[in-house]
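Peer 1: So that we are looking at the same thing, I have put the structure below in structure tokens.
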Amino acid sequence: MAASDVQTGPSVISMINEDHRQFKLLWDEYNGPNMNGEMKQKLGWSLIRAIAMHSAAEEEVMYPEIRKRLGSEAADHLLGDDGHQAIKKLLFEANYMSVEKNGEAAYTAKLSEAMKVLYHHIEDEETRTWPHFESLPGVDADLLSHLGRKFDAAKHHAVTRPHPWAPNKPPLNVLANTMTAPLDGALDMWRFGGNPPRYY
């Protein structure tokens, strides 16, 4: 077996798209039958956590590659007010709401607003950005696997709550994530009764 074969792993794009699928499954479950307010609250927190981790890892690993190979306009579009920034702002608001305090309808409405933006962002990535990226010279299975390993590693020090005012470009975002993640983790231990869900 060649050395390059040993290093081969999942493509970063397949990993990102699998995260997208998991978000949709959680949201479908949230909107499913027989869900009470307490169950929706826990699922809402789980969604916020998963999306925050995913976004942080994308911003550390994938978007710098987009900037390098497709240009700043493409990267800034994904990061901006139609993408991550909008999602973070809405999830930040949802993160400080609760079913008990604000009512189930208001909480669900805020999450719905965020998920609408997220679904549009997912479609943008999966139908336009990723196919374009994969078609570029030099983008091969080895690179995608290498980025996949970096994406997985980034989740291990990723923030677990949305921070819309934090840096979203390297190197400052890596430093901010590494410093902020322990505080997020401590808050999540309280929120999830000592057992926060894992997404890596």
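The values are calculated or read from the model by the stated rules, or taken from the named source; none is laboratory data. As the structure is a computational prediction, the values presented were derived from the model and not from experiment. Positions of Cβ are backbone-derived with ideal geometry, glycine not excepted, and every protein chain shown enters the neighbour counts. Ligands, DNA and RNA are excluded from the accessible area calculation, which covers all protein heavy atoms including side chains. Shrake-Rupley method; radii C 1.70, N 1.55, O 1.52, S 1.80 Å.
Peer 1: If you check residue 196 against the conditions, is it surrounded by 14 or more Cβ atoms within 10 Å (Cβ to Cβ) and either closer than 17 Å to residue 68 by Cα or modelled with pLDDT under 95 (or both)?
Peer 2: yes
Peer 1: If you don't mind, another one. Check residue 125 against each of (1) free of Cβ contacts under 8 Å to residues at least 24 places away in the same chain; (2) assigned to a helix (DSSP H, G or I) and name the one condition it does not meet.
Peer 2: Of (1) free of Cβ contacts under 8 Å to residues at least 24 places away in the same chain; (2) assigned to a helix (DSSP H, G or I), only one is false for residue 125: (1).
Peer 1: Hand me the list of helices (runs of 4 or more DSSP H) wholly inside the range 1-78 holding 1 or more residues that are open to solvent by 60 Å² or more (accessible area, probe 1.4 Å), touching a Ser or Thr at 6+ places or on another chain (Cβ under 7 Å) and over 27 Å from residue 195 (Cβ atoms).
Peer 2: 3-7
Peer 1: Follow-up question, since we're still on this one. Of the conditions (1) surrounded by fewer than 15 Cβ atoms within 10 Å (Cβ to Cβ); (2) in contact with a helix residue (DSSP H, G or I) (Cβ under 9 Å, 6 or more places away or on another chain), residue 175 satisfies every one except a single condition; which number is it?
Peer 2: The one condition residue 175 does not meet is (2).
Peer 1: Next question. Among residues belonging to the range 81-108 that are part of a loop (DSSP other than H, G, I, E, B) and over 18 Å from residue 127 (Cα atoms), point out the one that is most open to solvent (accessible area, probe 1.4 Å).
Peer 2: Looking at residues that are part of a loop (DSSP other than H, G, I, E, B) and over 18 Å from residue 127 (Cα atoms), I get 96.
Peer 1: Could you tell me which numbered condition residue 183 fails, if it satisfies all but one of (1) open to solvent by less than 80 Å² (accessible area, probe 1.4 Å); (2) within 14 Å of residue 52 (Cβ to Cβ); (3) part of a helix (DSSP H, G or I)?
Peer 2: So residue 183 meets the others, but not (1).
Peer 1: Go through the range 154-172 and report how many residues are of a type in the set (A, V, I, L, M) and assigned to a helix (DSSP H, G or I).
Peer 2: Looking only at that region, the number is 2.
Peer 1: Say we look at the range 109-144 and pick out the residues that are charged (D, E, K, R) and open to solvent by less than 30 Å² (accessible area, probe 1.4 Å); which of these is nearest to residue 65 (Cα to Cα)?
Peer 2: The qualifying residue nearest to residue 65 (Cα to Cα) is 125.
Peer 1: Now a separate question. For the range 157-200, enumerate the residues that are more than 18 Å from the chain's Cα centre (by Cα) and basic (Lys, Arg).
Peer 2: If the condition is that a residue be more than 18 Å from the chain's Cα centre (by Cα) and basic (Lys, Arg), then 191 is the only one that fits.
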